[in-house]
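*Asks:* A single structure is presented below for examination.
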Amino acid sequence: MKKITALAVITTIATVLLVFCNQPVKKETLVAGEAITHDSLVKRGAYLVTLMGCNHCHSPKKMGPEGPYPDPDRLLSGYPAEMPVAKFDTSTAKNWILFDRMLTSYVGPWGTTYSANITSDSTGIGSWTEQQFFKAIREGKYKGLDNSRPLLPPMPWQDFAKASDDDLRAIFFYLKSTKPVKNVVPEAMINKH
């Protein structure tokens, strides 16, 4: 009797697991407990932009008692166009990566990179389509355009490319909802090797 009972229990557990494991997985909403709405996409995008540290590179900084912090009036607006490009020792840049004082331009063996304006302004990503945004992040294409230059260091697009479609869409919705900041960022200077 004990053998039959143990066999019955094992068979029942196996059946339950088989049925449970073959059920279609319900797609999660972007924000736990909320239906997917424009507001929930924006909220999720704001969370992801913060978590992924986008302000570290894309927001000009002010100096405070504890060091640099993002300028709240210029969040995500990229390298300030009015700021003169700093001079640097080109021989040092061959072996080091240099950052400007606002942490929005970077010099290294590849050349000079200026953080992009990713606000909703037309000088940022205001006129971009979702498809362009996905191409920029997934394929590392400048402005999300085919046949454009690659996104340059320190932009970690190779890591961000692994984000889900839902997460990239949420980030896009959030960036399109940001305060527009008019700022035309200088073109990158790529070293010819």
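Derivation of every value follows stated rules applied to the coordinates shown; laboratory data play no part. This is a predicted model, so every value here is computed, not measured. A quick note on method: Cβ atoms are made from the backbone with ideal geometry, for glycine too, and the neighbour counts reach across all protein chains shown.
*Asks:* In what sequence, highest mean first, do 74-85, 137-148 appear when ranked by Cβ atoms within 10 angstrom?
*Replies:* Output ranking for 74-85, 137-148: 74-85, 137-148.
*Asks:* Could you tell me the center-to-center distance, by alpha carbons, between region 158-191 and region 71-124 in angstrom?
*Replies:* 15 Å
*Asks:* Sticking with this structure for a sec: Given all pairs of different Cα atoms, what value in angstroms does the Kirkwood hydrodynamic radius of region 107-193 take?
*Replies:* Mean inverse Cα-Cα distance, inverted, gives 13.5 Å.
*Asks:* What are the residues whose amide H is under 5 Å from the amide H of Gly140, where those residues sit 5 or more places off or on another chain and H is modelled from the backbone?
*Replies:* Amide H to amide H, under 5 Å and 5 or more residues apart or across chains, Gly140 pairs with nothing.
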